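K.L.:
Here it is, the structure in full.
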Amino acid sequence: MQQQTSTLADHLKELKYRAFTVIGFFATASILGWVLYPKLIHIIQKPLGETLYYTSPAGGLGFVLQVSLGFGFIITLPLLIYQTAQFIRPTLTVVKTRAIIWFTFISLLLSVLGLAYAYFVSLPAALKFLVGFNSDSLRPLIGAKDYIQFLSAYAIGAIITFQLPLIFWFANKVRRFPPGGLVRAQRPVIVGIAIVSGVITPTIDPINQLAIALPMLLLFELGVSAVFMRNLKKPQVVPQSASDMVIAPEILDELATEPDESILEQNAQVPRGIYMDII
């Protein structure tokens with residue numbers, strides 16, 4: 001009992017240390033964002049190409065705080081993931097640890113690619129399309145608060161979109177897709193991507209439309225390929241033996257007092273062969 005209490009105290013001490021490390025780094029990065037906020041606002045405003053406004057006395061301060069805290073969070077995110085992985089690492093096997101490291105690396109890489117694609121390609125095109133609804137009696141006056149909310153939602157959407165290969169892979173791991181299911185869905189997906197790229201592209205030339213459509217199509221195809229390669233691995237059939245029978249604990253108590261063959265037959269939950277997934 002004393003050893004368990006000591007182990008729990010050690011875990012809580014380690015958790016406190018790692019939490020304070022992350023919080024301290026986040027505070028430092030946010031202060032750095034406050035110092036660099038003129039350059040950060042210029043980077044944020046560049047895809048829009050127009051001046052931002054605020055409509056309340058504290059609106060400018062709130063916008064600068066949002067930019068500074070957002071910068072601090074982005075800089076701190078890799079450290080947060082690392083500290084979390086280090087905290088749970090003793091409870092994982094070597095294989096699971098390597099799998100988590102690879103998954104985290106691929107996810108971060110896809111997130112960076114998604115943000116870069118959104119900032120340099122799709123966001124300017126989408127803003128030109130959205131701001132283009134003006135006339136002599138209708139002019140855009142974009143507030144800083146509204147713009148930062150739109151930008152945050154757009155960035156989150158880009159990150160989630162670029163996680164499609166991993167989402168497909170995990171969904172298939174939980175429950176295998178039927179053979180040819182994703183292949184049959186390719187045609188409507190391609191049509192939908194073409195429609196979306198045609199709508200948000202401000203010009204009618206095929207170059208800009210392909211710049212929007214090709215990354216989305218490639219992500220979908222990568223997801224289909226990941227599922228296909230995952231399903232190529234054949235499940236291993238393990239023959240049934242007496243030791244494979246899984247019996248509920250409460251039934252074991254009944255068997256200990258009154259062995260009954262009918263109870264065994266009703267509670268044997270493993271069929272003649274079970275399938276084991278190979279990672």
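Every number in this text was worked out from the coordinates using simple rules, so none of it is lab data. Everything numeric here is computed off the predicted structure, so don't read it as measured data. Quick reminder, even Gly has a Cβ in these numbers, built from the backbone with ideal geometry, and neighbours come from all protein chains shown.
K.L.:
Based on the Cα atoms of segment 19-60, what semi-axes does the equivalent ellipsoid have, where each is the square root of 5 times one gyration tensor eigenvalue, given in whole Å with the largest first?
P.N.:
27, 14, 8
K.L.:
Starting from 0 in steps of 5 Å, tell me what percent of the Cα-Cα pairs of segment 66-183 lands in each bin.
P.N.:
So the P(r) values, bin by bin, are 2, 8, 13, 16, 16, 14, 11, 9, 5, 4, 2, 1, 0, 0.
K.L.:
Sticking with this structure for a sec: Set the bar at 27 Å for Cα to Cα. Now go through Lys16/Lys96; Lys39/Lys145; Lys16/Lys145; Lys39/Lys128 and name every pair that lies beyond it.
P.N.:
Result: Lys16/Lys145 exceed 27 Å.
K.L.:
Under 1.5 on a/c is rounded, so check that first for segment 47-125, then, if it is not, pick prolate when a/b is larger than b/c and oblate when it is not; a ≥ b ≥ c are the square roots of the alpha carbon gyration tensor eigenvalues.
P.N.:
Cα axes put segment 47-125 in the oblate bin.
K.L.:
Next up: If you plug each phi of segment 111-128 into the Karplus form 6.51 cos²θ - 1.76 cosθ + 1.60 with θ = phi - 60°, what whole-Hz ³J(HN,Hα) values come out, in order, with x for Gly and Pro?
P.N.:
Karplus-based 3J(HN,Hα) across segment 111-128 equals 5, 5, 4, x, 5, 5, 4, 5, 5, 8, 10, 6, 5, x, 5, 5, 5, 4 Hz.
K.L.:
Please report, in debye to the nearest 20, how large the charge dipole of segment 1-144 is about its Cα centre when each Lys and Arg carries +1 at its beta carbon and each Asp and Glu carries -1 there.
P.N.:
320 debye
K.L.:
Now for a separate question. With r defined as the distance between the Cβ atoms of Asp136 and Ala19 and R0 fixed at 45 Å, what FRET efficiency is calculated, to the nearest 0.05?
P.N.:
Plugging the Cβ-Cβ distance into 1/(1 + (r/R0)^6) gives 0.20.
K.L.:
Want the number for Ser107 to Asp146: 0.36 nm per residue separation, take away the alpha-carbon distance, what's left?
P.N.:
That pair, Ser107 and Asp146, stretches by 11.2 nm at full extension.
K.L.:
Whole-Hz Karplus ³J(HN,Hα) for segment 19-30, in order, using 6.51 cos²θ - 1.76 cosθ + 1.60 and θ = phi - 60°, x for Gly and Pro?
P.N.:
Each residue's phi maps through the Karplus curve to give 5, 5, 4, 5, 5, x, 5, 5, 4, 5, 5, 5 Hz.
K.L.:
Rank-order 142-150, 81-89, 211-219 by packing density, defined as the average count of other C-beta atoms within 10 Å over each peptide's residues, highest first.
P.N.:
211-219, 142-150, 81-89
K.L.:
If all Cα-Cα distances of segment 1-144 are sorted into 5 Å bins from 0 onward, what percent lands in each bin, rounded to whole numbers?
P.N.:
Per 5 Å bin, starting at 0, the Cα pair percentages come out as 2, 8, 11, 13, 15, 13, 10, 8, 7, 5, 4, 2, 1, 0, 0, 0.
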